[in-house]
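Have a look at the structure below, then the notes.
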Amino acid sequence: MNYIIIMAGGQGTRLWPMSRKLKPKQLQKLVSEKTLIQETFERCAKLVDKKNIYISTTPSYLDEIKTQLPQVPEENYIIEPSSRNTMASLCFIILKIKSFDPDAVIAAIPSDHLVRDTEAFVRVFEATFKAAQKHPDKLITIGINPTKPETGLGYIKMGKQVKEIDGEKVFAIDKFVEKPDLKTAQAYLQSWEYLWNTAYYFATIKGLLKWIKEMRPKTYRALKKLEKLLGKEASNGDKAEISNVYNKIAEEQVANVVAENPQKTLVIPADMDWSDIGDWGSLHDVLSDSFSSSIISRGHHIDHNSENCLVYANNKMIATLGLKDVIVIDSPDVLLVANKHKTQDIKKILDRLKSEGKHLYL
């Protein structure tokens, strides 16, 4: 059976100060009157029965997610002991689904992406589930045909076509490329071989276990220990020991492990009007395209003679005059004013806050 796991444990720091430790990006209303996780859940419900949609998160976000997604039953939450990045999360996901369906095919996807073409999303996901069933020894991912020279995303270089499923072409992968500089990204845009990396992963449970055993033997041993501990948790489980074992799993992204051996992965290119809304600059691009305006604002805002700006007001009026390529984000305790083209560097501000002990603002 097919299952979708929405991974909702990340912090989305590049959308600070709106995205914060206690209420990160996926729990915010950035592009509509629904939060990103609500929109993600609704898309997934068009693919599989709601009882086959699981939410993977940490205790910090659980209560807020339950408030936003009241339709999700209690047993469909996969609660990680702590935030250890996506590789550790994937281990907990595997154990949960394997406990009742060891022959499952799963899709593990981020909770904080924007997809405007839902029909294309459904069509490509259905084909990718089939690809995972036909290739149980592979991880299957979805790549987005790039529409601009994006420097804030990872890329996938496609190899030869290996199959076609329901009209969707399936390619081998030559390599994964981390965020390129502008000149390189411009070259990628001109080449049909390069796709944006969505970090959507489809695979069988058995295939994932085999992959982890080969790629990360230590993580696999920890996973097997966790499986034994979780198996007795209902009666006499030692939650402290579960947490201890889990916290020994390396804190790394699935994407980085996948990139080490691209030959074990296949990719399906897609056009679904997709964005990962990685920073305020990319959010401005998405909204300005949608509304055919270079000035995007929310809340109390008045402007004269500015261009290419994003302004999110809070309780007070914000007036802008003669600005260009500026982001203004007003939160209850922080005001951010930034060059639109520098918003990917916002983590440098967060590092300063940490080093100066100003954790209240994180």
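The values are calculated or read from the model by the stated rules, or taken from the named source; none is laboratory data. The structure presented is a predicted model; accordingly, all values stated were derived computationally and were not measured. Cβ sites come from the backbone with ideal geometry, for glycine too, and all protein chains shown count toward neighbours.
So how many residues does segment 305-317 have that are assigned to a strand (DSSP E or B) and free of Cβ contacts under 8 Å to residues at least 40 places away in the same chain?
Within segment 305-317, residues that are assigned to a strand (DSSP E or B) and free of Cβ contacts under 8 Å to residues at least 40 places away in the same chain number 4.
Counting just the residues of segment 318-362 that are touching a helix residue (DSSP H, G or I) at 6+ places or on another chain (Cβ under 9 Å), hydrophobic (A, V, I, L, M, F, W, C) and not in a helix (DSSP H, G or I), which one comes out surrounded by the fewest Cβ atoms within 10 Å (Cβ to Cβ)?
Applying the filter and picking the extreme gives LEU362.
Residues that are over 17 Å from LEU15 (Cα atoms) and touching an Asp or Glu at 6+ places or on another chain (Cβ under 8 Å): does segment 290-298 have at least one?
yes
Considering only residues that are crowded, with 23+ Cβ neighbours inside 10 Å and among the aliphatic types (A, V, I, L, M), which ones fall in segment 28-48?
The answer is LEU30, LEU36, ILE37.
Among the residues that make up segment 279-292, is at least one of them at pLDDT 95 or above, surrounded by fewer than 18 Cβ atoms within 10 Å (Cβ to Cβ) and of a type outside the set (A, V, I, L, M, F, W, C)?
no
Any residue at all in segment 237-257 that is surrounded by 14 or more Cβ atoms within 10 Å (Cβ to Cβ), over 30 Å from PRO146 (Cα atoms) and modelled with pLDDT of 95 or more?
So far as segment 237-257 goes, no, none of its residues is surrounded by 14 or more Cβ atoms within 10 Å (Cβ to Cβ), over 30 Å from PRO146 (Cα atoms) and modelled with pLDDT of 95 or more.
Cβ contacts < 7 Å: first residue more than 30 Å from ASP49 (Cβ to Cβ), restricted to segment 1-27; second residue among the small types (Gly, Ala, Ser) and not in a loop (DSSP other than H, G, I, E, B), any location; separation 6+ or different chain. Result?
So the pair list comes out as LEU22/SER60.
So that you can scan it fast, the table gives a plain yes or no per residue for (1) within 27 Å of the chain's Cα centre (by Cα); (2) among the basic types (Lys, Arg); (3) under 20 Å from ARG14 (Cβ atoms); (4) not assigned by TED's automatic domain parsing to the domain that holds ARG20:
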position	(1), (2), (3), (4)
HIS284	yes, no, yes, yes
SER306	no, no, no, yes
VAL311	yes, no, yes, yes
LYS324	no, yes, no, yes
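Within segment 119-128, identify whether any single residue is in contact (Cβ under 8 Å) with a residue 12 or more places away in the chain, closer than 19 Å to VAL286 by Cβ and β-branched (Val, Ile, Thr), and answer yes or no.
no
Which one is surrounded by the most Cβ atoms within 10 Å (Cβ to Cβ) among residues in segment 149-177 that are free of Cβ contacts under 8 Å to residues at least 60 places away in the same chain and not in a strand (DSSP E or B)?
PRO149
Out of all the residues in segment 102-110, is one or more more than 19 Å from GLU42 (Cα to Cα) and surrounded by 15 or more Cβ atoms within 10 Å (Cβ to Cβ)?
yes
Answer yes or no: is there a residue in segment 48-70 that is of a type in the set (Phe, Trp, Tyr), part of a helix (DSSP H, G or I), at pLDDT 95 or above and at negative phi.
No, that holds for no residue.
For segment 119-154, what are the residues that are under 20 Å from the mean Cα position of the chain (by Cα) and of a type in the set (S, T, N, Q)?
Of everything in segment 119-154, those that are under 20 Å from the mean Cα position of the chain (by Cα) and of a type in the set (S, T, N, Q) turn out to be THR128, THR141, ASN145, THR147, THR151.
Mind telling me which of the residues ALA222, ALA187 ends up being of a type outside the set (Asp, Glu), assigned by TED's automatic domain parsing to the domain that holds ARG84, buried (at least 16 other Cβ atoms within 10 Å of the Cβ) and not in a strand (DSSP E or B)?
It is ALA222.
Across segment 132-147, which residue is surrounded by the fewest Cβ atoms within 10 Å (Cβ to Cβ) among those that are within 24 Å of SER275 (Cβ to Cβ) and touching a Leu at 6+ places or on another chain (Cβ under 7 Å)?
Residue satisfying both the conditions and the ranking: ASN145.
Against the condition among the hydrophobic types (A, V, I, L, M, F, W, C), within 30 Å of TRP280 (Cα to Cα) and crowded, with 20+ Cβ neighbours inside 10 Å, how does TRP192 come out, does it pass?
no
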